[in-house]
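Q: Encoded as structure tokens, here's the structure I'll be asking about.
The values are calculated or read from the model by the stated rules, or taken from the named source; none is laboratory data. None of these values were measured; they are calculated from a predicted model. Glycine also receives a Cβ, built like all others from the backbone with ideal geometry; neighbour counts cover every protein chain displayed. For accessibility, only protein heavy atoms count, side chains too; no ligands or nucleic acids. Shrake-Rupley method; radii C 1.70, N 1.55, O 1.52, S 1.80 Å.
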Amino acid sequence: MGEVDGSSGSKSLMALLEAVLQPFTGLLPVVVKVEDILVSSSAVTPLALIFYELCTNSVKYGALSQEEGRLAISSECSGGRMIIRWQESFEKTQPASDSQGSGFGTTLCESTVKDQLDGSFVRTFTPGGMRITLDLSYESITSGS
């Protein structure tokens, strides 16, 4: 399990993901392969908010809404950036449309990533599900505790 630095409010990325995912995933398998960096106290809340929003949408519409659904989360650090990939595999019950992505939750995620984490939020619907790429400034999520 990831670690928490109680004195500063920093939290490991793995611990943060585990804390947010646990109430949503139940018995569904989730693959989490992330670089377990220490997330600064100033970035814990914005990241938790984004992961929470992704979980609630997944429970309503995506992988976590179906027994055969699958969720995989991975990350990599490169060139001062932390790339987090959220990949959902599920059977679509309705076709994706251009109107998807314009809701309050997506706008919240996009603005939080841009304004607080110096990054971008990209969501792409695929034939077998959906993927989200968070491209974040490594410094913005590890500094400023």
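Q: When the residues of region 95-115 are filtered to those that are over 15 Å from the mean Cα position of the chain (by Cα) and in a helix (DSSP H, G or I), which remaining residue is modelled with the lowest pLDDT?
A: Per the stated criteria, the residue is PHE104.
Q: So which residues in region 110-138 are touching a residue at least 60 places away in the same chain (Cβ under 8 Å) and open to solvent by less than 70 Å² (accessible area, probe 1.4 Å)?
A: Correct list: THR112, VAL113, LEU117, PHE121, GLY129, MET130, ILE132, LEU134.
Q: Can you tell me how many residues in region 2-18 are open to solvent by 20 Å² or more (accessible area, probe 1.4 Å) and either modelled with pLDDT of 95 or more or among the charged types (D, E, K, R) (or both)?
A: Residues flagged as open to solvent by 20 Å² or more (accessible area, probe 1.4 Å) and either modelled with pLDDT of 95 or more or among the charged types (D, E, K, R) (or both) within region 2-18 amount to 5.
Q: Quick check on region 46-64. Is at least one of its residues of a type outside the set (Lys, Arg), open to solvent by 10 Å² or more (accessible area, probe 1.4 Å), modelled with pLDDT of 95 or more and in a strand (DSSP E or B)?
A: Scanning region 46-64 turns up no residue that is of a type outside the set (Lys, Arg), open to solvent by 10 Å² or more (accessible area, probe 1.4 Å), modelled with pLDDT of 95 or more and in a strand (DSSP E or B).
Q: Consider region 71-94. How many of its residues are modelled with pLDDT of 95 or more and among the basic types (Lys, Arg)?
A: The number of residues fulfilling the criteria is 2.
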